[in-house]
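The values are calculated or read from the model by the stated rules, or taken from the named source; none is laboratory data. Every value quoted in this text rests on a predicted model; they were computed, and no experiment measured them. We place every Cβ from the backbone using ideal geometry, glycine too, and count neighbours over all the protein chains shown. Surface areas here come from the heavy atoms of the whole protein model, side chains and all, with no ligands, DNA or RNA. Shrake-Rupley method; radii C 1.70, N 1.55, O 1.52, S 1.80 Å.
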Amino acid sequence: NGEFAEVKNPSYVYPAVEYYPLAPKNERVPQLKAALMDMDGTTTTTEILCIYALESMIRQMSGLLTREQWVGLDHNVDLAYIIGNSTTKHVEYLIEKYNTLLKPDKAIAAFLRSAHWTLNNGRDPQRQAEVRQNLRKWNMLSALQQIEQQVSEKMIIDNFGSVISSPSFTDLVSMGIDIYYEIYHRILLMLRDGKGNDVRMQVFGSMESDENLISPMPGIPVLIPLLKGWLGDEAHLMAPLIISDYEKFIGKPLDETRKADLTRSIAQMGKEFEINPVKLALVTSSIFYEADIIIQEVLGVMSRVIENSQLGDARKKNIIKAYSDYHNVYDAFVTATDSSEIRLKPHRDLYSIALHKAGVMPADFDKVIGFEDSQSGTIAMRAAGIGCCIAVPFAQTTGHDLAAATHVMPGGIPQVMVEEGVFVGR
């Protein structure tokens, strides 16, 4: 009598598929107790970097390094399969689709370069452990020893580049995962070290690009402090930011009456949430190492938004202080590291963990809203028991099947706030 979702497992997991009953769709919540949000594409603008790293993985494994040699991913088709799932599922899709381009010698050399960087320069112990495991699995103990002795990449590739003569599909996926993470983690380290222009040049081919690298998605700088109750009776002062973003979405200015109504609505929410703050949870299929860097970058941007706002000095000071540590913002901060690569979205586990960590029991799931941008994320959310699931697709996920979502809001958070008041009340 209800809805079910068929969830495919990675190729090495039995059974091949699992089935989840989905929570009944809940159009609105009578009282808001908690809000769960995806990170990449919903809270932050990091998907462009993930997509770049995945495309670069195929380039390295094929040796087709320039656009003249290979035009790159087909965004109209590929993005539906490489956003929102686990890294394994993303890599499996790309390895299978572009298999005829791959060259074993190039793939192995790229893997060895990635292993060398990860073990000597990487900052994530879990990633380093997985690279060591792969080197042992492929009987490359001598290569592992030389890498850890910091022998040059070239010497290691020359000595061990032909150890695996005919890598299987599973071997190529394992190599691809390590290559992807090395590329992505290099980028994150550059951003953390203030080398944003270098990253722009690497990703976009120009330092002049106006594309965001890591920033909050539209509406997030207002929604988060609003739900936390930090804006209080000054919430109306943040309304112009929401109005501006919404006007960009609809392509025309709002009339003054509509602006005044929206400002009053945000003012009222500010007072209500100050009395009854909402628990917030961030949920991502990224590993903790990545999420930790990304969310700190985003909160830095959000601090500058607050600093440049019309809020009073005391309120500014309190919010900016809160943003100095994301534990002040999120009651639950759940990443792939809290679960397992084989249990990420569209499996329900991450959202179930988030609800538990935030102290929300099943009896109150009807008082929870969730924000997601992807097909797999909306399925995971509904499978975890969240009936009010709001899809906020952005440019890279507009082609996703969002049938599992309760509401689809292509204008993102600004549309949610202007048209629906975050779906609270009857």
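Annotations
- Of all residues in the stretch 358-365, none satisfies being in contact with a Ser or Thr (Cβ under 9 Å, 6 or more places away or on another chain), open to solvent by 20 Å² or more (accessible area, probe 1.4 Å) and modelled with pLDDT of 95 or more.
- Within the stretch 148-193, the residues that satisfy the criterion of being open to solvent by 70 Å² or more (accessible area, probe 1.4 Å) and without any contact (Cβ under 8 Å) to a residue 40 or more places away in the chain are 148, 149, 150, 154, 155, 158, 159, 193.
- Of the residues contained in the stretch 320-331, none is found to be open to solvent by 10 Å² or more (accessible area, probe 1.4 Å), touching a strand residue (DSSP E or B) at 6+ places or on another chain (Cβ under 9 Å) and under 29 Å from residue 2 (Cα atoms).
- The number of residues in the stretch 296-309 being out of contact with any Pro (no Cβ under 8 Å at 6 or more places or on another chain), buried (at least 17 other Cβ atoms within 10 Å of the Cβ) and more than 27 Å from residue 374 (Cβ to Cβ) comes to 2.
- Residue check for residue 265: in a helix (DSSP H, G or I), touching a residue at least 60 places away in the same chain (Cβ under 8 Å), open to solvent by 10 Å² or more (accessible area, probe 1.4 Å) and of a type outside the set (Val, Ile, Thr): yes
- Filtered residues of the stretch 58-84 (kept if touching a Leu at 6+ places or on another chain (Cβ under 6 Å) and surrounded by fewer than 19 Cβ atoms within 10 Å (Cβ to Cβ)): 70
- Residue that is most open to solvent (accessible area, probe 1.4 Å) [pool: residues in the stretch 274-295 that are closer than 30 Å to residue 339 by Cβ and in a helix (DSSP H, G or I)]: 288
- Any hit, the stretch 169-180, residues being of a type outside the set (D, E, K, R) and more than 16 Å from residue 114 (Cα to Cα): yes
- Tally of residues being under 34 Å from the mean Cα position of the chain (by Cα) and not in a loop (DSSP other than H, G, I, E, B) across the stretch 137-153: 6
- Members of the stretch 122-141 found to be in contact (Cβ under 8 Å) with a residue 24 or more places away in the chain and more than 15 Å from residue 172 (Cα to Cα), listed by number: 122, 123, 124, 126, 127, 139
- From the options 118, 100, residue that is at pLDDT 95 or above, of a type in the set (S, T, N, Q) and surrounded by 21 or more Cβ atoms within 10 Å (Cβ to Cβ): 118
- Check on residue 123, over 25 Å from residue 335 (Cβ atoms) and either at pLDDT below 95 or not in a loop (DSSP other than H, G, I, E, B) (or both): no
- Test set (1) open to solvent by less than 60 Å² (accessible area, probe 1.4 Å); (2) within 25 Å of residue 278 (Cα to Cα) - residue 247 fails condition number: (2)
- Only residues that are open to solvent by 30 Å² or more (accessible area, probe 1.4 Å), touching a residue at least 12 places away in the same chain (Cβ under 8 Å) and assigned to a strand (DSSP E or B) were counted across the stretch 3-35, and they come to 6.
- Qualifying positions in the stretch 307-357 - basic (Lys, Arg) and in contact with a Ser or Thr (Cβ under 6 Å, 6 or more places away or on another chain): 345
- Every residue from the stretch 310-319 that is in a helix (DSSP H, G or I) and either open to solvent by less than 10 Å² (accessible area, probe 1.4 Å) or free of Cβ contacts under 8 Å to residues at least 12 places away in the same chain (or both): 313, 314, 316, 317, 319
- Members of the stretch 397-407 that are closer than 19 Å to residue 384 by Cβ, open to solvent by 30 Å² or more (accessible area, probe 1.4 Å) and within 19 Å of the chain's Cα centre (by Cα): 401
- Selection count where residues are within 23 Å of residue 420 (Cβ to Cβ) and among the small types (Gly, Ala, Ser), scope the stretch 347-373: 3
- Residues satisfying the stated conditions in the stretch 210-244, i.e. open to solvent by 50 Å² or more (accessible area, probe 1.4 Å) and touching a residue at least 60 places away in the same chain (Cβ under 8 Å): 211, 212, 218, 230, 237, 241
- Hey, residue 207 open to solvent by 20 Å² or more (accessible area, probe 1.4 Å), in contact with a Lys or Arg (Cβ under 9 Å, 6 or more places away or on another chain), within 30 Å of residue 118 (Cα to Cα) and free of Cβ contacts under 8 Å to residues at least 40 places away in the same chain or not: yes
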